[in-house]
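Following: one structure in structure tokens, then a few remarks.
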Amino acid sequence: MIHIDNIKIGVIGLGYVGLPLARLFSTKFETIGYDINLQRVDALMGGHDSTLEVSDELLQEALNKGFRCTTNLEDIRECNFYVVTVPTPIDENKVPDLRPLISASKSIGKIISKGDIVVYESTVYPGVTEEECVPIIESVSGLTFNQDFFAGYSPERINPGDKEHTVEKIVKVTSGSTPEVAKLIDTVYSSVITAGTHLASSIKVAEAAKVIENAQRDINIAFVNELAKIFNKMGIDTQEVLTAAGTKWNFLPFKPGLVGGHCIGIDPYYLAQAAQRYGYHPEIILSGRRINDSMGKYVANQVIKLMLKKGIQVLGSHILVLGFTFKENCPDVRNTRVIDIVNTLKEYNAEVTVHDPWINPEVAKHEYGVEVLTTLPKEKFDAVILAVAHNEFKSLDLSQITNGDKVIFDVKGVLENSSVDGKL
């Protein structure tokens, strides 16, 4: 087994999770980042991270000290501590898609050497690391697990756009395939994670811990989303109810809204898949998912009802959607549920304009087929939906971009009540 003094790290996958981690590791260990996206690698080597998770200053500092990124698999052959941070999405049927993980495991199998360690960070259901990934490495490499090479799992806890809870400031769960390897993996992470680490008793425990973190949040948000629907029918302000209830010391401060992103909106399906494999049908988990996946359509329909009440012609109307990313002050559009608002409005043959100053329009067009404007249009609109609470939107004078008779709907509850016609 390798010694900590001789560790050379290869991070596979340089997205929202991989790059911040690789940059952090490079402060203590020789580190190389690998990604199959040449455009992404070229940009990083040029000193810029388009996800904005690592500042240009920090990235350039790391590059100056020897950190580098590559698309050539051979460049990481000399590494002995591999960290896999590739996406684990779901397919159109909400079924976990392990293809990126399988591909990464095959790549590792081609270059791994005796004594090396592979740590997975991608969100999975319990058992994937040892039952799906490790056998692939064994098959491709011809090496024997826990004899020639070892594995671990340390779930990512990146919060895109959060500049306060950065990777080193969040406690890291670690695990390993043998007690000795587990301790080494924990030592490697604890050397850069200032918040500390938690060594789990097994890889499956660490996998399970990750997948329930976001499932728990998903269920809590689903609860308040259902409350929003109920209170809307009663004519009660949900935000005021939550503020009043929040005066109790143990009330959980969740708010209604759209649930997208690569974690909360996806991870519960991984947990559900695991449960079903063992013959259990998870009711609360999937019910929460159905509620949260319905909120985009619900918002659009509420806006249409408000327009009709005001006598605004819906057919051919001009509606502005403010924000397209899955969360505020972040360029991440992965699994954004704003698309559900847009698609539902288009079903009513409304003319929908989307504005988001944080977004890369090419990414939105490629991923969702939607034209997104990065500058605020000058035309007047019949309805405006604030879908994402970017800082830029909070000071907008909506009266300047709306017709005299208009509808303003605040999904995020950040506008003054007097200026809105509806909200969650």
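Nothing in this text is a laboratory measurement; each read-out follows from the coordinates by a stated rule. These numbers come from a predicted model, not from an experiment. Here the Cβ is made from the backbone with ideal geometry for all residues, glycine too, and neighbour counts use every protein chain on show.
Find the relative contact order for the range 1-144 and round it to a whole percent, using C-alpha pairs within less than 8 Å whose residues are 6+ positions apart.
Numbers: 227 pairs, mean separation 35.5, N = 144.
RCO, the range 1-144: 25 percent.
Here the Karplus relation 6.51 cos²θ - 1.76 cosθ + 1.60, evaluated at θ = phi - 60°, turns the backbone of the range 235-252 into coupling constants of x, 10, 6, 4, 4, 5, 4, 5, 5, 5, 5, x, 6, 7, 4, 10, 6, 7 Hz, with x for every Gly and Pro.
Between amide H atoms placed 1.01 Å from N, distances below 5 Å from residue 198 occur with 172, 173, 174, all of them 5 or more places distant or on a separate chain.
Per the Cauchy relation, a quarter of the hull surface: what is the mean projected area of the convex hull of the alpha carbons in the range 294-423, in nm²? Walk me through the numbers before you get to the answer.
Values: hull surface 27.9 nm².
Averaged projected area of the range 294-423's Cα convex hull equals 7.0 nm².
Quick one: if the Förster radius is 60 Å, what FRET efficiency do residue 252 and residue 68 give, using the C-beta to C-beta distance and rounding to 0.05? Computed FRET efficiency for residue 252 and residue 68: 0.85. Take the Cα of residue 212, step 7 Å toward its Cβ, do the same at residue 308, and the gap between the two points is 4.4 nm. Estimated at 0.36 nm per residue, the fully extended path between residue 379 and residue 39 surpasses their Cα-Cα distance by 118.9 nm. Each peptide in 355-368, 246-259, 75-88 receives the mean, over its residues, of other Cβ atoms within 10 Å, and ordering these scores from highest gives 75-88, 355-368, 246-259. Extension gain for residue 315 to residue 163 (0.36 nm times residue separation, less C-alpha to C-alpha distance): 50.5 nm. Counting 0.36 nm for each residue step from residue 147 to residue 93 and taking away their Cα separation leaves a gain of 15.6 nm.
In whole Å, what three semi-axes, largest first, describe the equivalent ellipsoid of the chain built from its Cα gyration tensor (square root of 5 times each eigenvalue)? The partial results should precede the final answer.
Numbers: eigenvalues 363, 112, 71 Å².
The three semi-axes for the chain are 43, 24, 19 Å.
Across the range 414-424, rounded Karplus estimates of 3J(HN,Hα) from the backbone phi angles (6.51 cos²θ - 1.76 cosθ + 1.60, θ = phi - 60°) give 10, 8, 5, 3, 5, 9, 10, 9, x, 7, 7 Hz, Gly and Pro being marked x. Residues within the reach of a label modelled at residue 366 (point 7 angstrom out along Cα to beta-carbon, backbone nitrogen below 20 Å), restricted to the range 88-114, are 88-92, 99-101, 103-104. Close amide H partners of residue 149, meaning residues 5 or more places away or on another chain with modelled amide H under 5 Å apart, are 115, 144.
Determine the relative contact order of the chain: mean sequence separation of Cα pairs under 8 Å and six or more apart, normalised by residue count, in whole percent. Numbers along the way, then the final one.
Values: 809 pairs, mean separation 46.1, N = 424.
Normalised by residue count, the contact order of the chain is 11 percent.
In degrees from 0 to 90, rounded to the nearest 10, what is the angle of the helix 267-277 Cα long axis to the longest principal axis of the chain? Once rounded, one gets 70 degrees. Give the separation of the Cα centroids, the range 99-118 to the range 349-424, in Å. Their Cα centres are 45 Å away from one another. Each principal axis of the Cα cloud of the range 211-292 was evaluated for its coordinate range; sorted largest first, these ranges are 42, 28, 23 Å. Placing pseudo-labels 7 Å out from each Cα toward the beta carbon at residue 55 and residue 237 gives an inter-label distance of 3.8 nm. Kindly state, to the nearest 0.05, the FRET efficiency for residue 418 paired with residue 103, given R0 = 30 Å and r defined as their beta-carbon distance. After rounding, the FRET efficiency stands at 0.05. The simple spin-label model puts a point 7 Å past each Cα toward its Cβ; for residue 297 and residue 223 those points are separated by 2.5 nm. Straight-line reach from residue 28: taking Cα to Cα under 25 Å and skipping same-chain neighbours fewer than 8 places apart, the lysines in range are 8, 65, 114, 163, 169, 172, 183. Across the range 206-219, computed HN-Hα scalar couplings (Karplus, 6.51 cos²θ - 1.76 cosθ + 1.60, θ = phi - 60°) run 5, 4, 5, 4, 5, 5, 7, 4, 7, 5, 5, 5, 4, 5 Hz from first to last residue, x flagging Gly and Pro.
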